[in-house]
Amino acid sequence: MALKEDIDNEVGQILAQTWDLRDGTVVPATESVLLAGGGVKLKATMLYADLAESTKLAMDNRQTAARVCKAFLAASTRLIRANSGDVRSFDGDRVMGVFIGDSKNTSAAKCALQINWVFLNVIVPKFKGKYESFRNGGHILAHGTGIDVSEVLAVRSGIRNNNDLIWIGRAPNVAAKLSAIRGDGYSSFITGEVYDQMRDDVKFGGDPTRSMWEERAWNAGPVKRVYRSNWGWAP
């Protein structure tokens, strides 16, 4: 009964805790937020990069699946960091990046296009070169990146010695949903609010210059106007 009592007491303590919230000027680390009622409020652009078809691959060959996940997450993490983002969460085959500051939407969108370029021009060719299952279509290499911006509350959750930050708000939830969209050859998805706040050099490209993003209606989430892109940006 000790475990039940511990859980009962802890839930009661959480309900009784007084919030100790502060406005954030930097992306918080876990250790900078109090476990008992601590929280950081900030306007953030959240990016989720998600590898597709990893479950099927893992069921057939765990070691190959691990190599794909490691390559994708390593590349995505480097690109998030190179674009002034902070990596704050890994979840299986998915990584979350947090961008703040005046250029957060431009930086996150550019990062998404760079992830797509690296995936198509580095990861896919290397894995097809090594594994027959990728060359013959037995396994598909695909990915998606989703981005949204909103007010976010970062709080520390878990128990002593076993805890981490969780991110509460529209942006982390919508970005995660957008990263899971598959099909039609598009892999980068951003909300209309992100698009509206981006610089033109991340909206338009090519010669002759044309839009890198296509507006779409989205009926599967709380945001109805989204943009998608199949462009890449060499890092």
Requested in this report: Quantify, in whole percent, the carbon and sulfur part of the accessible surface of segment 111-221 (1.4 Å probe; protein heavy atoms only).
Outcome: 48 percent
Query raised in the report: For the chain, with equal point scatterers placed on the C-alpha atoms only and solvent neglected, what are the log10 I(q)/I(0) values from the Debye formula at q = 0.12, 0.14 1/Å, to two decimals?
Result: -0.72, -0.92
Report summary line: Taking every other residue with Cβ under 12 Å from the Cβ of SER187 and scoring Lys and Arg +1, Asp and Glu -1, one gets 0
Requested in this report: Compare SER211, SER89, SER54 in a GNM of the chain, Cα atoms joined below 10 Å, and give the one with the largest fluctuation.
Outcome: SER211
Requested in this report: Starting from segment 175-222, pick out the trypsin sites (Lys or Arg not before Pro) whose DSSP state is loop and whose Cβ has at most 11 other Cβ atoms within 10 Å.
Outcome: none
Report task. Can you tell me the relative contact order of the chain? Whole percent, Cα pairs under 8 Å, sequence separation 6 or more. Result -> 22 percent
**Report entry** Highest-fluctuation residue, ASP207, ASP86, ASP50 considered, GNM on the chain with Cα pairs under 10 Å
**Finding:** ASP207
Query - C-alpha center-to-center spacing [segment 182-235, segment 1-73] in angstrom - result: 27 Å
Report summary line: The helix 62-82 Cα axis meets the longest alpha-carbon principal axis of the chain at an angle in degrees, between 0 and 90 and rounded to 10, of 80 degrees
Report task. Provide the FRET efficiency to the nearest 0.05 for the LEU120-LEU34 pair, computing r from the beta carbons and using R0 = 41 Å. Result -> 0.45
Requested in this report: Measure up LYS70/LYS110; LYS177/LYS224; LYS43/LYS70; LYS56/LYS224; LYS128/LYS177; LYS43/LYS104 against 19 Å on the Cα-Cα distance and list the ones that go over.
Outcome: LYS70/LYS110; LYS43/LYS70; LYS56/LYS224; LYS128/LYS177
Query - Cβ-based net charge around SER54, under 14 Å, with every Lys or Arg adding one and every Asp or Glu removing one - result: +1
**Report entry** Mean projection area, nm², convex hull over Cα of segment 47-177
**Finding:** 8.7 nm²
Query - Scaled radius of gyration (Cα, divided by 2.2 N^0.38 Å) that segment 144-235 gives - result: 1.28
Report summary line: proj_area_mean for segment 3-88 (convex hull on C-alpha atoms), units nm², value 9.0 nm²
Requested in this report: Distance from a point 7 Å along Cα→Cβ of ILE14 to each backbone N in segment 162-176: keep the residues under 19 Å and list them by number.
Outcome: 162-170, 173
Report summary line: With only helices counted (DSSP H, runs n ≥ 4, each -39500 (n - 2.57)), the per-residue ellipticity at 222 nm for the chain, to the nearest 500, works out to -11000 deg cm²/dmol
Report summary line: To the nearest 10 degrees, the tilt of helix 104-118 (Cα long axis) against the first principal axis of the alpha carbons of the chain is 50 degrees
Report summary line: Counting only protein heavy atoms and rolling a 1.4 Å probe, one gets per residue an accessible area for segment 1-154 in Å² of 53 Å²
Query raised in the report: What angle, in degrees between 0 and 90 and rounded to the nearest 10, separates the Cα long axis of helix 2-16 from the longest principal axis of the Cα atoms of the chain?
Result: 90 degrees
Query raised in the report: By the scheme Lys and Arg +1, Asp and Glu -1, what is the net charge of all other residues having a beta-carbon under 15 Å from that of GLY12?
Result: -3
Report summary line: The alpha-carbon pair-distance distribution computed for segment 96-144, with 5 angstrom bins and whole-percent values, is 5, 19, 21, 16, 13, 10, 8, 6, 2, 0
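The values are calculated or read from the model by the stated rules, or taken from the named source; none is laboratory data. Not measured: the values here are computed from a predicted model. No Cβ is skipped: glycine too gets one built from the backbone with ideal geometry, and neighbour counts run over all protein chains shown. Each accessible area value is taken on the protein alone, full model and side chains, heavy atoms only, with ligands, DNA and RNA left out. Shrake-Rupley method; radii C 1.70, N 1.55, O 1.52, S 1.80 Å.
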